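A short worksheet on the structure shown next.
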Amino acid sequence: MFNRSMFVFVLVIIVASASDGLCGNLSSEAILKELVVLKERVSMLEAKLIEKNEKIKNIKSESGQVVSEGGVYFWANRVNVTGGIELDFSYADDGDTGSNLVNNSTSNMNIGTVELGVEIGFHEFVTGNLVLKGEDLDDNDRVFWDEAIVSIQKEGIPFYFTGGKRGQPFGCFQNNLINDPITQELYEIAETGVTMGYAADSHDLDFSITFYKGEALMSRMLEGAYELDRTYIDSSGVPAAWRAGGMNMSYSETDDVSSFIANITAKPLNCMTMAVFYNSEPGGDQRNNTLGGMVNYEKGKLVMDIEYIGAVQREKNSMNAIENKESAWFAAVAYKATEWLDIAFRYEGFNDDISGDQDGHPDNRYGMGFTWTLFEKDDFVTSLMAEYRRSLFEKAAGSTADDNSNELFVKLAFEY
């Protein structure tokens with residue numbers, strides 16, 4: 001940067017010295033006019049230089065690298081990094097619900113979740129998202145890619161495309177407590193897939209269809225904590241595991257992209273969002289089809305959520321030819337009591353659609369808790385969460401299994 005006053009002073013000396021020669025024919029008044037014009041030009045050039053320097057200064061990466069004028073390092077202005085670390089504590093009054101002796105309490109403390117996310121603007125309408133997550137880090141094998149997707153959507157065009165691994169658009173799973181709702185535990189589909197959709201401005205209408213490979217939803221239920229094994233058997237009467245031999249020894253998992261999800265979401269009111277979603281996966285004698293819906297209502301400090309997901313068609317149990325159509329639902333309320341304190345309550349239900357009571361199958365449960373924001377600055381937030389949960393289980397006649405449990409969860413979360 002040069003000194004404008006010094007420049008004008010030198011310019012006056014030069015012009016004055018040349019006035020008897022080159023400018024001999026110019027009057028003093030003409031010389032002054034020329035100086036005024038030159039001064040205005042200098043001011044204009046200086047303003048442009050300042051503006052240009054400011055633009056270069058503003059285009060920096062978070063690490064401090066300046067973006068070059070030609071855009072060689074334009075990534076610096078197109079990358080957004082997020083992350084979080086959570087410290088978890090849990091307590092249960094009975095660590096073994098298979099026994100009715102409620103004298104085996106258990107507790108645990110660990111790094112529940114470590115998450116690092118990167119959003120990259122590859123192009124004006126091409127965005128990538130990567131999320132690396134670690135859970136229960138006492139086990140090193142729990143580090144995995146939770147999300148890796150690329151999205152294409154151009155402003156002004158309602159059609160969009162999303163491809164990669166993520167929680168696919170089946171279920172909404174709104175959550176204001178520490179633990180996931182029962183619908184998410186049963187029906188979340190976190191697989192690689194492709195989504196093609198249409199998003200309209202009117203009422204935030206969004207319709208999409210997603211394709212993926214495999215029996216993700218059925219595998220989650222048959223192998224998960226709910227143990228909804230249909231006890232498929234082979235011709236010799238030996239039970240066949242889902243992964244080991246197919247469901248009735250005439251069926252094996254598909255190796256084709258033949259599973260799909262249809263989802264439609266809209267806001268009929270400014271304070272209300274509604275969604276309906278349908279899933280279909282290949283099965284044994286027939287496809288496994290599941291339907292769900294949700295309503296979210298937000299008004300002032302109050303938030304209410306209702307979600308229901310249930311089977312509309314299931315492959316039949318090969319032992320009794322019965323088609324068990326399970327379902328799950330929850331209703332939740334959250335209220336922002338103060339600027340720093342949120343409280344929440346949730347009631348959940350599950351129906352396995354199996355005749356009689358089955359030991360360990362959930363019946364109902366409810367939870368209540370709070371989120372207290374300890375401090376917040378810019379994009380960094382530290383919060384303390386707590387949740388009490390009581391679960392009620394089915395219990396077969398004459399069984400010694402427990403029919404309830406009481407649990408406490410505490411989480412200290414750091415997010416940016």
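The values are calculated or read from the model by the stated rules, or taken from the named source; none is laboratory data. What you are looking at is a predicted structure, and each value in this text was computed from that prediction instead of being measured. Because the Cβ atoms are built from the backbone with ideal geometry, glycine has one as well, and the counts that use them run over all protein chains shown.
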Inspect the range 366-376 for any residue being closer than 23 Å to Phe277 by Cβ and either without any contact (Cβ under 8 Å) to a residue 60 or more places away in the chain or of a type outside the set (A, V, I, L, M, F, W, C) (or both) and give the result as yes or no. no
Please enumerate the residues belonging to the range 123-168 that are surrounded by 13 or more Cβ atoms within 10 Å (Cβ to Cβ) and among the aromatic types (Phe, Trp, Tyr). Phe125, Tyr160, Phe161
Restricting attention to the range 388-408, does a residue exist that is farther than 30 Å from Asn317 by Cα and within 22 Å of the chain's Cα centre (by Cα)? no
Only listed residue being without any contact (Cβ under 8 Å) to a residue 24 or more places away in the chain and among the acidic types (Asp, Glu), chosen from Glu307, Glu348, Glu323, Glu281: Glu323
Residues that are under 17 Å from Asn288 (Cα atoms) and modelled with pLDDT of 95 or more, at least 1 per element: which strands (runs of 3 or more DSSP E) completely within the range 151-258 meet that? 206-212
If you go through the range 176-213 one residue at a time, how many are under 20 Å from Gly117 (Cα atoms) and free of Cβ contacts under 8 Å to residues at least 24 places away in the same chain? 0
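Suppose the filter is surrounded by fewer than 19 Cβ atoms within 10 Å (Cβ to Cβ), under 22 Å from the mean Cα position of the chain (by Cα) and not β-branched (Val, Ile, Thr); does Ala331 pass it? Reasoning before the result, please.
Numbers: surrounded by fewer than 19 Cβ atoms within 10 Å (Cβ to Cβ): yes; under 22 Å from the mean Cα position of the chain (by Cα): yes; not β-branched (Val, Ile, Thr): yes.
Yes: the conditions hold for Ala331.
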Residue list for the range 377-396, filter: out of contact with any Leu (no Cβ under 6 Å at 6 or more places or on another chain) and either under 15 Å from Tyr366 (Cα atoms) or of a type in the set (Asp, Glu) (or both): Asp378, Asp379, Ala386, Arg389, Arg390, Ser391, Leu392, Phe393, Glu394
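Among the residues of the range 393-408, how many are part of a strand (DSSP E or B) and touching a residue at least 24 places away in the same chain (Cβ under 8 Å)?
Step one: of the range 393-408, the residues part of a strand (DSSP E or B) are 393, 404-408.
Adding the requirement that they be touching a residue at least 24 places away in the same chain (Cβ under 8 Å) leaves 393, 405-408.
Residues meeting the conditions: 5.
Here is a yes/no grid of residues against (1) hydroxyl-bearing (Ser, Thr, Tyr); (2) crowded, with 16+ Cβ neighbours inside 10 Å; (3) touching a Cys at 6+ places or on another chain (Cβ under 7 Å); (4) not in a strand (DSSP E or B):
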residue	(1), (2), (3), (4)
Asp342	no, yes, no, no
Gly360	no, yes, no, yes
Arg365	no, yes, no, no
Met368	no, yes, no, no
Thr371	yes, yes, no, no
Leu384	no, no, no, no
Ser391	yes, yes, no, no
For the structure I just gave you, tell me whether Ala334 is in the same structural domain as Ile182 (by TED's automatic domain parsing), within 26 Å of Asn176 (Cα to Cα) and not aromatic (Phe, Trp, Tyr). yes
